[in-house]
Amino acid sequence: MHELPKHFDHTSAQLRCRELWDAGKLWHAEPQAGEEQAPQPVFSMVIPPPNVTGALHLGHALNNTLQDILVRTRRMQGFRTLWMPGTDHAGIATQAVVERRLLEEEKLSRHDLGREKLVERIWAWKEQYEARILGQLRELGASCDWDRTRFTLDERCATAVREAFYRLFQQGLVRRGKRLVNWDTFLQTAVSDDEVFHEEVKGHFWHIRYAVVDPQAGEPSHVTVATTRPETLLGDTAVAVHPDPAAAFAAVEAGLREKIAAASAKEKPQIEAELDAVAARRTEMLAGLERLAGMARAGRTVRLPLLGREIPLVADEWAKPEMGSGCVKITPAHDPNDYEVGLRQRLPMLNILNPDGTLNPEAGPYQGLTIRKAREKLVADLEEAGQLEAVEDRLIDLAHSDRSKTPIEPYLADQWFIRMAELAEPALAAVENGSVKIHPSRYAKSYLDWLGEKRDWPVGRQLWWGHRIPIWHVEGVAAADLEAAFAGRGDVAWAEADGEPADGSATRWFVCCKAEALGVEAIAGRPLERDPDVLDTWFSSALWPHSTLGWPEATAELATFYPTTTLITSRDIITLWVARMVIMGIFNTGHVPFADVAIHPKILDRYGETMSKSKGNGVDPLDVIESLGADALRFGMASMATETQDVRMPVEFACPACGQRIEQTTANRTKPRIECTKCGEPFRTQWAASDADLALPRGPAVSERFDSGRNFSNKLWNATRFVLMNLEGFEGGCVDAAAASADLPLEDAWLRSRLATVTTEVTAAIDAFRFADAARTLYAFAWDEYCSAYLELCKSRLADPATRASAQAMLITGLDTILRLLHPIMPFVTEELWQHLREAARSRRMPWDATDRDPDAAPAESVMVARWPAPPASWRDTQSEERFGTFLGVVGAIREIRARQNVPPKTVVTVVIKADDAKQTLLAPMLGAVATMAVAEVVDVGPQVQPPAMAAKVAAAGCEVAVDLAGLVDVEAELARVTKDREKLGGLIEGKRKKLSNESFVARAPAEVVAKEREQLAEMEERLASLVAMAADLRSRA
RNA sequence: GGGCGGCUAGCUCAGUUGGUUAGAGCGCUACGUUCACACCGUAGAGGUCACAGGUUCGAAUCCUGUGCCGCCCA
């Protein structure tokens, strides 16, 4: 006899399973060979490559669990299945991490080290973290094709990047232009909007006077503007006033009146006060503003304080009459709104900053100062000059760089752009016409909205870590020189530079080369200089689905696996990544990169905050894998992956000493050490820094939400343990798939039917990316139906030699099917059990295996490559399911009475059941099962049976179940229960009667609904009558 | 400011086209440990489905508005 230990040991099982899968490379996929006759259906998917910035977090665990579920399912379904793994170099994020460490540990900046050395350091970092990430993915059980692992900065990707950029360049889709960027003065690079976070800080609002140049009679001698950033006045190129202040006031007042009309009584007074204030301002200021607008139209100027530069007064709607003085200073090169004004009004754009955040020569006497110092000095100078009118305290929403945590400076810089006008069209069409489907479909809107704007894509980054832009600059040469220099070169293209300030000196050229090296250093004596920028990290990511398969070469991989089938990702990168993959996929290959995009939720902590290491509220997937097992982690993830909501995950610290779980709160999550609330022992957290704290054992952060997955693993383990203990004498073979339900024991017909139904449901759920449905369906079926019902029923059949063999066969059929269906979600425990079952029941066959396998062959060497279940449609049998429901109802009724009467668990109760002929027939063979499951002896079943004198009765599934209480009765308990039931039932009956006496309902509701209501009412009334009789009976005995 | 999502049991979440006595897991209560599993079993308590209107014979579900939370885009 094959006996398993009592508990599933996930640690050793995970090792064994991975060895098995790796030894056979069961995750590997070869492309279709050309001569193959019947092409196998293909399923392929690329991983969203994790950044090599650090270790994987729970979001990755979720993302990769869902991908693996899909991949494993398709593999078992017989698809030629490829899951392409890899990592992303993550430009700025990785460089920032390495630079920060360099500064902290060696007090060196990247400039101290130089480009080459820094890049070397980053490669070393990448090697370390890539290994760690890939290790984590394997621990999670991801069945990627590890032989194909790629990196967005490896040679193959680099070739694709250069080729793609070259093609864009050739088609005139690359341009150079000015752009106001978010400048990180610490890292000295532009950062994208999504790498910026906003934080409120305390600041001031300075009111500054600008003198009017040659004021005429009736004109003010100065205008006042207010700013939170006085130092930017050095770059001011205008002061703006609204062109039509009267209209602007009218619009604001109309808006407020509308608000009042719609407002609640509570809010009204406040808005009314606001309206009064605006009206007062209008009275006071309108004339002055009208005069200023007139002056602006007349082309008058004002004088910039301190520098004395003369700048125009312009009329622009950006100036808000209802705010401040109604006038606003315009600094186009250092403020996004002012930049727009600058473009509209054709103002000069004056940059006053150096890349490191100090002021440049444009700042005159303030040159060389940092922004902070310049502000102090400038404010002091203004005050001394008497041009500072007022200073207010104010909270300021300040943009910070996510990478360096320093304030962002808006900064005008030359940038590389990809033109989107043409490229976006086919990508929009792909989603509109359904060649790319996004699930859930509501996310298509954000894709279409974003892409519809067709904003040019700024692709250059002033970094050292990334794909170097394959462009060289040269000036002062003629077109003929270039033609001569690159004669016969098919890999070089050039174009006259645009966007650069034309100082009239010499023609400037951009030369683009798709080879790794240009091979030409000078043309006509003029040097070629390589552009220092690297490409946005999303550029290489955009090529990921085809670059990983070998594009631009026409590889067999590309032919077989591209376009890929599905992409699974999170919603925050629909625009950054998904849209760009569609664009570049179509541009480079002519095909969309994938047919379906499945979006999954985000994982938040118990307060609804996103998890992050810096907040200290994260959970390390490895902690969960170690303590509860990868299957528990995966099962939890799968059951959480619903379509609508983000996931809230309460986090707990696990005490390393006693295992107690301590709730993680905003208060304790940043502490370096925590004391256990139960045993009092201290443990350290991720924040531990002192030697004393570091010496403590670590308390991992986990979540109770993975417990049920762990429990479920163990349940499956023990169900299999039970089956294996009862296999003696098993002769094997297959259950008779063609047997008619009527010829089987009821529970077998029921289980077969359920297996068919559950297989259909689970398959459909996975197909539709409803992973939570699949997980929950399987959990309920395996636990409540297979274990709690079927397995219990088999106990008596296994004891009887006449029925033992059939019970074994069906038990194995059920278990085998469950293991296969669950394998994609919980690969380790199912594999481990599969191996045990394979050994103990080598001769077993499933009907869906027989078709294409040698009938004498053993079951598949791994459940990973076993066939996905396909129970015959004939197994579905609603009648058996219904009948089985009757049986379970009877068992439930007896258990209910036992519990109420406090009957000791081992005391056998005597039961009679009043049931019609049909139910009597179906219950007759099940009485042995009732005896096992309810510890009851059923002495009589039939339409005419009389309950014993002293009995507790419960109506269930159309039968009346009566338990003889002689010697047991607790009359009080019974009376209490009967009374309570009567009350509840009375209320329900009243509701139903009311509904049915409503003529409108009877007339308008569908006939079947009315009939159902009537039926229910009749049944309830019957039950009530029975309860009344019971109560009377009980009282007479009390 | 615009768009999207959420608000259902103490907690975390299901609830398919409007028709159930609104469900699950965890937690809680009671009882139960040789006999697959205490990471277990049996039974039970617990909800005016955020709020206010509306449509309908009938609303957790559809519509309108409000509030709070979150995300995306400006």
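The values are calculated or read from the model by the stated rules, or taken from the named source; none is laboratory data. Everything numeric here is computed off the predicted structure, so don't read it as measured data. Ideal geometry is used to build each Cβ from the backbone, glycine not excepted, and the neighbour counts take in all protein chains shown.
In segment A:1-29, the qualifying residues are those that are touching a Phe, Trp or Tyr at 6+ places or on another chain (Cβ under 8 Å) and of a type in the set (A, V, I, L, M), and the one that is nearest to A:Phe730 (Cα to Cα) is A:Leu4. Here the condition is being surrounded by fewer than 18 Cβ atoms within 10 Å (Cβ to Cβ), under 27 Å from A:Glu1015 (Cα atoms) and within 16 Å of RNA strand B (Cβ to nearest atom); of A:Gly958, A:Gly942, it holds for A:Gly958 alone.
Of the strands (runs of 3 or more DSSP E) lying entirely inside segment A:659-725, not one contains at least 2 residues that are of a type in the set (Asp, Glu), in contact with a Gly (Cβ under 6 Å, 6 or more places away or on another chain) and at pLDDT below 85. Residues being within 23 Å of A:Glu761 (Cα to Cα), crowded, with 22+ Cβ neighbours inside 10 Å and out of contact with any Cys (no Cβ under 8 Å at 6 or more places or on another chain) are represented in segment A:850-865 by at least one member. Of all residues in segment A:164-179, one or more are of a type outside the set (A, V, I, L, M, F, W, C), buried (at least 17 other Cβ atoms within 10 Å of the Cβ) and assigned to a helix (DSSP H, G or I). Looking at segment A:637-658, I want the residues that are under 20 Å from A:Ile69 (Cα atoms) and have a partner that is more than 9 Å from RNA strand B (Cβ to nearest atom) and assigned to a loop (DSSP other than H, G, I, E, B) with Cβ atoms under 7 Å, at least 6 apart or on another chain. Which pairs are those? Filtered contacts from segment A:637-658: A:Ala638/A:Ile825.
Residues in segment A:966-1023 that are more than 11 Å from RNA strand B (Cβ to nearest atom) and of a type in the set (D, E, K, R): 10 in all.
Pairs linking a residue in segment A:869-890 that is in contact (Cβ under 8 Å) with a residue 24 or more places away in the chain and under 11 Å from A:Ser753 (Cα atoms) to a residue that is in a loop (DSSP other than H, G, I, E, B) and of a type in the set (A, V, I, L, M, F, W, C), with Cβ atoms under 7 Å and 6 or more positions apart or on different chains, are A:Pro872/A:Ala737. Whether any residue in segment A:738-750 is over 30 Å from A:Pro440 (Cα atoms), in a loop (DSSP other than H, G, I, E, B), away from RNA strand B (no atom under 14 Å from the Cβ) and of a type in the set (Asp, Glu) is what I want to check. The answer is no, given that none of the residues of segment A:738-750 is over 30 Å from A:Pro440 (Cα atoms), in a loop (DSSP other than H, G, I, E, B), away from RNA strand B (no atom under 14 Å from the Cβ) and of a type in the set (Asp, Glu). Filtered by the rule that a residue be touching a strand residue (DSSP E or B) at 6+ places or on another chain (Cβ under 8 Å), within 16 Å of RNA strand B (Cβ to nearest atom) and among the polar types (S, T, N, Q), segment A:872-930 gives A:Thr886, A:Gln901. Per the listing A:Ala444, A:Ala487, A:Ala424, the residue uniquely part of a loop (DSSP other than H, G, I, E, B) and either modelled with pLDDT under 85 or within 16 Å of RNA strand B (Cβ to nearest atom) (or both) is A:Ala487.
Looking at segment A:66-150, none of the helices (runs of 4 or more DSSP H) lying wholly inside it contains 3 or more residues that are touching a helix residue (DSSP H, G or I) at 6+ places or on another chain (Cβ under 7 Å) and of a type in the set (Asp, Glu). Would it be correct to say that A:Ala805 is more than 10 Å from RNA strand B (Cβ to nearest atom), farther than 23 Å from A:Trp868 by Cα, free of Cβ contacts under 8 Å to residues at least 24 places away in the same chain and part of a helix (DSSP H, G or I)? Considered against the rule, which asks whether it is more than 10 Å from RNA strand B (Cβ to nearest atom), farther than 23 Å from A:Trp868 by Cα, free of Cβ contacts under 8 Å to residues at least 24 places away in the same chain and part of a helix (DSSP H, G or I), A:Ala805 comes out as no.
Yes/no per residue for (1) modelled with pLDDT under 75; (2) within 30 Å of A:Ala363 (Cα to Cα); (3) within 45 Å of the chain's Cα centre (by Cα):
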{"position": "A:Arg209", "(1), (2), (3)": "no, yes, no"}
{"position": "A:Val212", "(1), (2), (3)": "no, yes, no"}
{"position": "A:Ser221", "(1), (2), (3)": "no, yes, no"}
{"position": "A:Glu231", "(1), (2), (3)": "no, yes, yes"}
{"position": "A:Asp236", "(1), (2), (3)": "no, yes, yes"}
{"position": "A:Ala261", "(1), (2), (3)": "yes, no, yes"}
{"position": "A:Arg281", "(1), (2), (3)": "no, no, no"}
{"position": "A:Met285", "(1), (2), (3)": "no, no, no"}
{"position": "A:Gly288", "(1), (2), (3)": "no, no, no"}
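Among the residues making up segment A:651-671, those that are surrounded by 14 or more Cβ atoms within 10 Å (Cβ to Cβ) and more than 13 Å from A:Lys615 (Cα to Cα) are A:Glu652, A:Phe653, A:Ala654, A:Cys655, A:Pro656, A:Ala657, A:Gln660, A:Arg661, A:Ile662. Scanning segment A:724-737 for residues that are touching a residue at least 60 places away in the same chain (Cβ under 8 Å) and of a type in the set (D, E, K, R) turns up at least one hit. Within segment A:334-386, the set of residues being assigned to a strand (DSSP E or B) and among the hydrophobic types (A, V, I, L, M, F, W, C) comprises A:Leu353, A:Leu359. Can you say whether A:Met649 is of a type in the set (A, V, I, L, M, F, W, C), modelled with pLDDT of 80 or more and within 10 Å of RNA strand B (Cβ to nearest atom), as far as the supplied structure shows? Yes, satisfied. Output the qualifying pairs, or none if there are none: Cβ atoms under 7 angstrom, residues six or more apart or on different chains, first residue in segment A:694-715 and under 24 Å from A:Pro682 (Cα atoms) and hydroxyl-bearing (Ser, Thr, Tyr), second residue more than 6 Å from RNA strand B (Cβ to nearest atom) and not in a helix (DSSP H, G or I). That search, which allows pairs on different chains as well, returns A:Ser703/A:Val619; A:Ser703/A:Met649; A:Ser703/A:Val651; A:Ser703/A:Glu652. Test A:Ala949 against the stated conditions and say whether it is surrounded by fewer than 16 Cβ atoms within 10 Å (Cβ to Cβ), hydrophobic (A, V, I, L, M, F, W, C) and more than 14 Å from RNA strand B (Cβ to nearest atom). When the stated conditions are applied, A:Ala949 passes them. Among the residues of segment A:771-789, the one identified as more than 8 Å from RNA strand B (Cβ to nearest atom), within 21 Å of the chain's Cα centre (by Cα) and of a type outside the set (A, V, I, L, M) is A:Phe771. Show the residue pairs meeting these rules: Cβ distance below 6 Å; 6+ apart or different chains; first residue within segment A:50-68 and over 14 Å from A:Ala142 (Cα atoms); second residue outside any helix (DSSP H, G or I). Once the first residue is over 14 Å from A:Ala142 (Cα atoms) and sits in segment A:50-68, its partners that are outside any helix (DSSP H, G or I) give A:Asn51/A:Asp88; A:Asn51/A:Ala90; A:Val52/A:Thr87; A:Thr53/A:Ala90; A:His57/A:Gly618; A:Leu58/A:Ile603; A:Leu58/A:Val619; A:Gly59/A:Ile603. Residues considered: A:Val597, A:Val624. Of these, the only one that is under 28 Å from A:Asp536 (Cβ atoms), modelled with pLDDT of 85 or more, within 20 Å of the chain's Cα centre (by Cα) and buried (at least 22 other Cβ atoms within 10 Å of the Cβ) is A:Val597.
Taken over segment A:403-421, the criterion of being within 30 Å of A:Arg229 (Cβ to Cβ), away from RNA strand B (no atom under 16 Å from the Cβ) and touching a strand residue (DSSP E or B) at 6+ places or on another chain (Cβ under 7 Å) is satisfied by A:Ser404, A:Thr406, A:Pro407, A:Glu409, A:Tyr411, A:Leu412, A:Ala413, A:Asp414, A:Trp416. Examine segment A:392-406 for a residue that is within 25 Å of A:His334 (Cα to Cα), at pLDDT below 85 and over 40 Å from the mean Cα position of the chain (by Cα), and state whether such a residue exists. Checking segment A:392-406: at least one residue is within 25 Å of A:His334 (Cα to Cα), at pLDDT below 85 and over 40 Å from the mean Cα position of the chain (by Cα).
All of A:Ala768, A:Ala719, A:Ala688 fail the test of being surrounded by 17 or more Cβ atoms within 10 Å (Cβ to Cβ), within 11 Å of RNA strand B (Cβ to nearest atom) and not basic (Lys, Arg), apart from A:Ala719.
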